[in-house]
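The values are calculated or read from the model by the stated rules, or taken from the named source; none is laboratory data. Keep in mind it's a predicted model, so treat the numbers as computed, not measured. Cβ: placed from backbone, ideal geometry, glycine included. Neighbour counts: every protein chain shown. Heads up: the accessible areas ignore ligands, DNA and RNA and are worked out on the full protein's heavy atoms, side chains in. Shrake-Rupley method; radii C 1.70, N 1.55, O 1.52, S 1.80 Å.
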Amino acid sequence: MIEKICSHSLLSQIIIGDPVRPDISAEQRLAPAREVYHLDDNAYICLAYLNCVPHDVNSLLSMQCGSIVVAYTIWSKVKGMGRELILATREMISSEDRFQRLVTLSPQTEMAMKFHLSNGAKLIRENINTNNFEYKL
């Protein structure tokens, strides 16, 4: 079962290990319309609830609150836990009527491409430095 992280100080320690977006502070990750979840302290996902699909980190951090769930970083310490976490996240948000979509703001790497495509996502947009994938709810 996934659990929400609410402590800024705990999250500050955890994000040191974020290989995707370590520069986004704990305060930004826990700002309004933002949440961080973990699975057994071995996998982490950061979510933003936005009104549009972002094309880069600046747009991610400046957009209005909305019904689109954006997974902007996910990482794990144990092989396979990232998959478990993204699928559990999809299940969690599917059960809530307030969300319309689950998309990502992913780096343009082969690893991110393989990860999302192998977990059932579809590439919906290639940006200058990022890709957006969408998971069916």
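Defining a contact as two alpha carbons under 8 Å apart and six or more residues distant in sequence, what relative contact order in percent does the chain show? Taking the mean separation of contacting Cα pairs over the length of the chain, I get 20 percent. Taken about its Cα centre, the chain carries a charge dipole of roughly 260 debye when the Cβ of each Lys and Arg holds +1 and the Cβ of each Asp and Glu holds -1. A simple spin-label model places pseudo-atoms 7 Å from Cα toward Cβ; at Asn129 and Glu27 they are separated by 2.2 nm.
Non-local lysine pairs in the chain, meaning eight or more places apart or on different chains, with alpha-carbon distances under 23 Å, amount to 9. Surface composition of the stretch 1-41: carbon and sulfur atoms hold 54% of the protein heavy-atom accessible area at a 1.4 Å probe. Near Tyr44: Cβ cut-off under 14 Å, other residues only, Lys/Arg at +1 and Asp/Glu at -1. The net charge is 0.
Compute the signed sum of charges (Lys and Arg +1, Asp and Glu -1) over the other residues within less than 13 Å, Cβ to Cβ, of Lys136.
Within the 13 Å Cβ shell, the charges total +1.
Qualifying GluC sites (Glu not before Pro) in the stretch 1-105, where qualification requires a DSSP coil assignment and no more than 11 other C-beta atoms within 10 Å, comprise Glu96.
Per residue, the chain exposes an accessible area of 54 Å² to a 1.4 Å probe, with every protein chain left in place.
Estimated from helices alone, the mean residue ellipticity of the chain at 222 nm is -8000 deg cm²/dmol (sum of -39500 (n - 2.57) over DSSP H runs with n ≥ 4, per residue). What does the charge count around Ile2 come to, taking other residues whose C-beta lies under 14 Å from its C-beta (Lys +1, Arg +1, Asp -1, Glu -1)? Residues near Ile2 contribute -4 overall.
For the pair Leu137 and Lys77, the difference between a 0.36 nm per residue extended length and the Cα-Cα distance amounts to 19.0 nm.
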